[in-house]
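For reference, the structure is listed below as structure tokens.
The values are calculated or read from the model by the stated rules, or taken from the named source; none is laboratory data. No experiment lies behind these values; they were computed from the predicted model shown. Cβ: placed from backbone, ideal geometry, glycine included. Neighbour counts: every protein chain shown.
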Amino acid sequence: MNAASKKILIADDDSSIRLVLSQAFTRLGYQVRATGNATTLLKWVSDGEGDLVVTDVMMPDENVFDVLPRIRKERPKLPIIVMSAQNTLLTAVNAADAGAFEYISKPFDLDDMIGAAKRALSRPADAEASKAQARALRDERLPLIGRSPPMQEVYRTIARLVGADLTVLILGESGSGKELVARALHDLGRRRDGKFAVINLAAVPRERVEAELFGKAEGDYGKMVEADGGTLFLDEIGDMPLDAQTRLLRVIDGTEPVINPKTGRRPNVRIIAATNRNLRGLIAQGLFREDLFFRLNVAPVRLPPLRDRTEDIPDLARAFLLRANREGLPAKTIDQGALDRLKAHSWPGNVRELENLIRRICALYGEDLISARIIERELQEPAVIQPGEDGPVTLSTLVERHLSAYFADQPDGLPPVGLYDRVLEEIERPLIHLALVATRGNQVRAAEILGLNRNTLRKKIQDLGVDLTRGKR
């Protein structure tokens, strides 16, 4: 079927949008009908008209998300492109859930719209792979990916917070995407035209934290001033030294003024903080100020680990494949067996671990199709016995192998500072958990086995977030 035999239905209450799209599609040889309301669009679709629908979300008579299910019921193979000026993650996800082929935010690039229309009109009407690829194209441009119930809750929270200017505390494990949430809150909020300044407190030497935040010399004003009019993202706030916490609290309270030399006024900054640590446990240890915690924990956002949303893994994997290809790595596809193997993995490194795995496979494997065999090879644990060795591999050797892979996954081969404490914490958590499992949750007996004081064990359980219910059986 050539372009002249295909008809595009356009629905938008903005006459200028209808005109621009109508002219663009007509020049390409398509037939076009345009309307300013959802009722007319629904009638055309019911009459069997159109090979593609391009529609705005907010129409004078109905919200298109209420209309799309009816269109999908009558014409399940009719592709629909949804566009909206309400550029929130929730809008994009709602469009996908309603069965839209593509979601395009306003103001849109005309070339992007034409490209999406051509893909929609050229796809096999019932090809599931084509739908997955279209979803990957959409997902690859989103800051956060996933349609699982836990992520839907995250999107709803973000949607509620983008219009406010509240301080936000993002809680989640390493690699789960906390900075992506912070960027989404900034990019979709009222401060989007301002600076998004980031300081990773786990990567800055403790003696330099205050200088990084507040400056130290003429012309070096620090991140607080740099973020004036925008957002200051304090990543891994649990690693902030106590003296810096005290000064930050004074700045937030206004008892210690920080002046932007360019304006002569205090910086107008929205603070978003994130942590993978148990801040209440740090407070109990005297390592984090309780008053600062309450200042930061105005609006908490809890980001689920990847193991709690494994249904998102296929969409994530396909989007990462597309992203890797855009960045110059070979184009690849992935089969269902490989996706099933990915979903079975525990993902201790969360989304970051998955993306690094996809990049590594794209770079190291010549096959165009990623199979379960390739995934298995990359995910398999080191064997306890290696060819040519006289006996079992030691714990030290296994840890060294794991850390070697971790170093290799870093962009520049160097992980953030503070690795020693993080490694000890990662070893302590399963050690304490297994001791509790062996003693059926008896902390006194577990402390004896570990050679720890009972109070010390209790603190470690709290600080490390060990789930006591998993220690009983």
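Looking at the range 107-123, can you tell me whether even one residue there is modelled with pLDDT under 85 and under 19 Å from Arg318 (Cα atoms)? Looking for residues that are modelled with pLDDT under 85 and under 19 Å from Arg318 (Cα atoms), one finds at least one in the range 107-123, hence yes.
Listed here are the helices (runs of 4 or more DSSP H) enclosed by the range 244-344 that have at least 2 residues being in contact with a Phe, Trp or Tyr (Cβ under 6 Å, 6 or more places away or on another chain): 279-284. Number of residues in the range 144-181 that are farther than 26 Å from Gly194 by Cβ, in a loop (DSSP other than H, G, I, E, B) and charged (D, E, K, R) equals 2. Counting just the residues of the range 344-384 that are in contact with a helix residue (DSSP H, G or I) (Cβ under 9 Å, 6 or more places away or on another chain) and among the acidic types (Asp, Glu), which one comes out farthest from Met151 (Cα to Cα)? Here the answer is Glu367. Within the range 214-236, is even one residue under 22 Å from Ser174 (Cα atoms) and assigned to a loop (DSSP other than H, G, I, E, B)? Yes, there is a match, as at least one residue in the range 214-236 is under 22 Å from Ser174 (Cα atoms) and assigned to a loop (DSSP other than H, G, I, E, B). Against the test of being closer than 20 Å to Phe294 by Cβ, in the same structural domain as Asp165 (by TED's automatic domain parsing) and in contact with a Leu (Cβ under 6 Å, 6 or more places away or on another chain), the options Leu232, Leu249, Leu213 yield a single qualifying residue, Leu249. For the range 415-464, a tally of residues being outside any helix (DSSP H, G or I), among the small types (Gly, Ala, Ser) and either in contact with a Ser or Thr (Cβ under 9 Å, 6 or more places away or on another chain) or exposed (fewer than 14 other Cβ atoms within 10 Å of the Cβ) (or both) returns 2.
Screening the range 38-97 for residues that are within 22 Å of Gly146 (Cβ to Cβ) and among the polar types (S, T, N, Q) and picking the one that is modelled with the lowest pLDDT gives Asn87. Within this structure, Glu207 fails the test of being in contact with a Lys or Arg (Cβ under 7 Å, 6 or more places away or on another chain), surrounded by fewer than 20 Cβ atoms within 10 Å (Cβ to Cβ) and either assigned to a loop (DSSP other than H, G, I, E, B) or modelled with pLDDT under 90 (or both). For the range 279-292, the criterion of being among the β-branched types (Val, Ile, Thr) and farther than 30 Å from His345 by Cα is met by at least one residue. Listed by position, the helices (runs of 4 or more DSSP H) enclosed by the range 14-85 that each have at least 1 residues that are touching a Lys or Arg at 6+ places or on another chain (Cβ under 9 Å), at negative phi and crowded, with 19+ Cβ neighbours inside 10 Å are 15-27, 38-46.
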